Amino acid sequence: MTEQTDVPALRITRTFDASRERVFAAWIEQQQFQQFIGCCPGKGNVAEGWTGRVGDAFTVTLSLPDGGSVVATGSFLEVDPPVRLRYSWRTEMEPPDEITTVTVELEERDGRTALTLTHVGPQIGRVPELVEAGWGAALEALGRLLAAGT
């Protein structure tokens with residue numbers, strides 16, 4: 001599957017001291033996902049319909065630093081455990097026709113897992129610092145979750 005090259009994209013790679021299966025499970029299991037997603041991980045984020053089944057729709061309510069929240073919706077486009085997860089993602093702040101895609105790819109490297117996250121869509125070009133900060137915080141929280149073994 002090829003990504004559009006004329007659409008803004010953010011790509012981040014992090015390596016975790018955990019198996020690919022463990023990292024994939026943390027991303028796909030609703031209770032774990034809620035603990036690390038967003039710019040304020042662990043602060044009351046709620047994922048509804050986060051099933052990991054292709055075609056299923058979900059709603060994620062993300063806490064913001066100012067105490068407010070933002071709602072994101074999407075659906076699972078590709079689920080290939082423990083290698084790849086791809087889903088659509090649109091926040092309520094974006095125009096209805098602006099849907100982004102998030103792809104998470106996992107690669108085993110010397111007993112560790114390299115996670116590459118690619119977020120593609122128009123909002124990346126408008127607010128790249130905000131998107132990068134949100135994903136950075138989420139991946140840092142994912143690292144803490146994996147290190148805690150929960």
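The values are calculated or read from the model by the stated rules, or taken from the named source; none is laboratory data. In this text, all values refer to a predicted model and were calculated from it rather than measured experimentally. Ideal geometry is used to build each Cβ from the backbone, glycine not excepted, and the neighbour counts take in all protein chains shown.
Under the condition of being hydrophobic (A, V, I, L, M, F, W, C) and either touching a residue at least 24 places away in the same chain (Cβ under 8 Å) or surrounded by 15 or more Cβ atoms within 10 Å (Cβ to Cβ) (or both), which residue from the range 51-69 is nearest to T113 (Cα to Cα)?
Ranking the qualifying residues of the range 51-69, first place goes to V54.
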From the list G38, G134, exactly one residue is crowded, with 16+ Cβ neighbours inside 10 Å, in contact (Cβ under 8 Å) with a residue 60 or more places away in the chain and on the phi > 0 side of the Ramachandran plot. Which is it?
G38
Test set (1) of a type outside the set (A, V, I, L, M); (2) over 22 Å from A133 (Cβ atoms); (3) not in a loop (DSSP other than H, G, I, E, B) - R53 fails condition number:
(3)
Which residue out of V102, V120 is buried (at least 18 other Cβ atoms within 10 Å of the Cβ), more than 17 Å from I37 (Cβ to Cβ) and among the hydrophobic types (A, V, I, L, M, F, W, C)?
V120
Lone qualifier among Q4, Q34 - being assigned to a loop (DSSP other than H, G, I, E, B) and at pLDDT below 95:
Q4
Tabulated pairs, the range 92-113, first farther than 14 Å from E21 by Cβ, second among the hydroxyl-bearing types (S, T, Y), C-beta under 6 angstrom, 6+ apart or interchain:
I99/S88; T101/S88; V102/Y87; T103/T118; E105/T116
Qualifying positions in the range 91-118 - out of contact with any Lys or Arg (no Cβ under 6 Å at 6 or more places or on another chain) and of a type in the set (D, E, K, R)
E92, E94, D97, E98, E107, R109, D110, R112
Within the range 99-145, the residues that are farther than 15 Å from V7 by Cα, in a helix (DSSP H, G or I) and charged (D, E, K, R) are E129, E132, E140, R144
Evaluate the range 38-45: report whether one residue or more is touching a strand residue (DSSP E or B) at 6+ places or on another chain (Cβ under 6 Å) and within 18 Å of E132 (Cα to Cα).
yes
Given (1) part of a loop (DSSP other than H, G, I, E, B); (2) under 26 Å from P95 (Cα atoms), index of the condition F76 fails
(1)
Here the residues within the range 105-126 that are more than 12 Å from the chain's Cα centre (by Cα) and not aliphatic (A, V, I, L, M) are E107, E108, R109, D110, G111, R112, T113, G121, P122, Q123, G125, R126
